[in-house]
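Structure, as structure tokens:
The values are calculated or read from the model by the stated rules, or taken from the named source; none is laboratory data. Owing to the predicted nature of the structure, the values given are computational and were not obtained by experimental measurement. Because the Cβ atoms are built from the backbone with ideal geometry, glycine has one as well, and the counts that use them run over all protein chains shown. The protein model used for the area step is the full one, side chains on, heavy atoms only, and it has no ligands, DNA or RNA in it. Shrake-Rupley method; radii C 1.70, N 1.55, O 1.52, S 1.80 Å.
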Amino acid sequence: MRARYGVPLGITAVAAAGLLYSAGFEARSFRLRRVTVPVLPAGMRPLRVLHVSDIHMVGGQRKKQRWLRSLAGLRPDFVINTGDNLSDPEGVPEVLDALGPLMDFPGAYVFGSNDYYGPKLRNPARYLFEKAQGRHGLNGNAPAVGVVHNPWEDLRDGFDAAGWLNLTNTRGMLKIDGVSVEMTGVDDPHIKRDRYAQVAGGPSAGADFSMGVVHAPYLRSLDSFTADGYPLILAGHTHGGQLCVPFYGALVTNCDLDTDRVKGLSTHTAEGHTSYLHVSAGCGTNRYTPVRFACPPEATLLTLAGREQAGGAPGR
């Protein structure tokens with residue numbers, strides 16, 4: 001009996017332990033990363049930016065809500081939310097409650113596909129198949145049918161009422177202690193809602209600093225922001241790969257970005273320009289795959305520093 005069943009039972013036990021760890025511990029093990037980005041003009045005081053993304057709120061996620069509320073203690077200069085706040089049509093009140101203390105600070109946001117549409121149960125292996133075939137989201141796949149429509153208008157109204165800038169295919173400007181920070185955003189490329197032509201042209205001459213904001217870091221959006229001369233781009237969507245291989249990293253990004261840049265700070269080059277790119281691994285998961293492995297949930301406090309620090313900044 002031992003020879004016949006010992007190995008399968010052992011494999012089952014290991015798999016069960018891995019599932020328990022990834023769903024019961026790591027998916028709830030929230031982290032704050034701190035990153036310095038040398039992108040500001042010389043002489044400008046540093047700016048502290050809290051980047052939150054991919055909350056994927058489901059009713060009853062109290063620990064996540066408490067953690068998000070606690071981030072207000074960092075007292076950032078401003079907050080950027082790169083979308084996918086929902087994974088439950090009933091989750092808007094809990095998102096607004098969890099982000100309430102952060103909405104006391106200046107901020108801006110873009111939406112992701114899960115703000116507009118509820119998630120569907122799907123085989124996680126499909127992400128690997130789609131990657132191999134070069135298909136991601138609605139970019140090459142058939143249009144979604146039979147999807148749940150989330151009350152994104154209520155989420156938008158809550159953010160707008162708090163004074164956060166809606167960067168849906170538009171530009172916005174924040175004044176931070178007399179410093180003009182311009183943000184240019186596009187709607188989610190993952191579902192083909194991005195309209196970069198409406199915001200093309202690069203940073204405004206009157207802004208002290210300008211940056212690009214997008215939910216899913218598809219190359220067409222990164223190329224456009226970079227070619228237009230934005231020194232920094234913030235994005236989310238990838239979940240950092242969500243299920244990663246220890247000592248190897250992510251297998252997929254759920255877009256056409258390479259896995260080497262699935263999360264954290266990197267650079268992007270297009271048409272002779274180079275921008276810094278920060279991709280948040282996010283702090284949630286799709287409600288149907290509530291697991292993370294070797295990729296804990298996160299938010300990031302970015303300190304934007306002068307270009308004369310940390311070896312300079314990308315450019316031409």
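For region 28-71, no residue has its backbone nitrogen under 17 Å from a point 7 Å from the Cα of GLU153, taken along Cα to Cβ.
Note on GLN133 and TYR288: their simple-model spin labels are 1.6 nm apart, each label 7 Å out from Cα toward Cβ.
Mind checking the per residue accessible area of the chain for me, 1.4 Å probe, whole number of Å²?
Accessible area per residue: 44 Å².
Given R₀ = 25 Å, what would the calculated FRET efficiency be for THR274 paired with ARG34, taking r from the Cβ atoms and rounding to 0.05? Write down the numbers at each step before the final one.
Numbers: r = 23 Å, r/R0 = 0.92.
Computed FRET efficiency for THR274 and ARG34: 0.65.
Length gained on full extension, ALA142 to LYS120: 6.5 nm, using 0.36 nm per residue less the C-alpha separation.
For the chain, the relative contact order works out to 26 percent when only alpha carbon pairs closer than 8 Å and six or more residues apart are counted.
A full extension of the chain between ARG75 and MET173 corresponds to an added length of 33.3 nm, given 0.36 nm per residue minus the alpha carbon distance. Return the carbon/sulfur percentage of the accessible area of the chain, one whole number, probe 1.4 Å, all protein chains in place. The value for the chain is 56 percent carbon and sulfur by accessible area.
For region 216-316, DSSP calls about 60 percent of its internal beta bridges antiparallel.
Taking the inverse of the average 1/r across all pairs of different Cα atoms in region 170-316, what Kirkwood radius in Å do you get?
16.1
If you count the DSSP beta bridges with both ends in the chain, what percent of them are antiparallel, to the nearest 5? Of the beta bridges lying entirely in the chain, close to 40 percent run antiparallel.
Across the cross-link table entries LYS175/LYS263; LYS131/LYS192; LYS63/LYS131; LYS64/LYS131, which are compared at the Cα atoms, the separations over 22 Å belong to LYS175/LYS263; LYS63/LYS131; LYS64/LYS131. All Cα-Cα distances of region 190-234, cut into 5 Å bins from zero to the largest, leave 5, 22, 34, 24, 10, 4, 1 percent in each bin in turn. Here the extension length gained between ASP104 and SER204 equals 33.3 nm, from 0.36 nm per residue of separation less the Cα-Cα distance.
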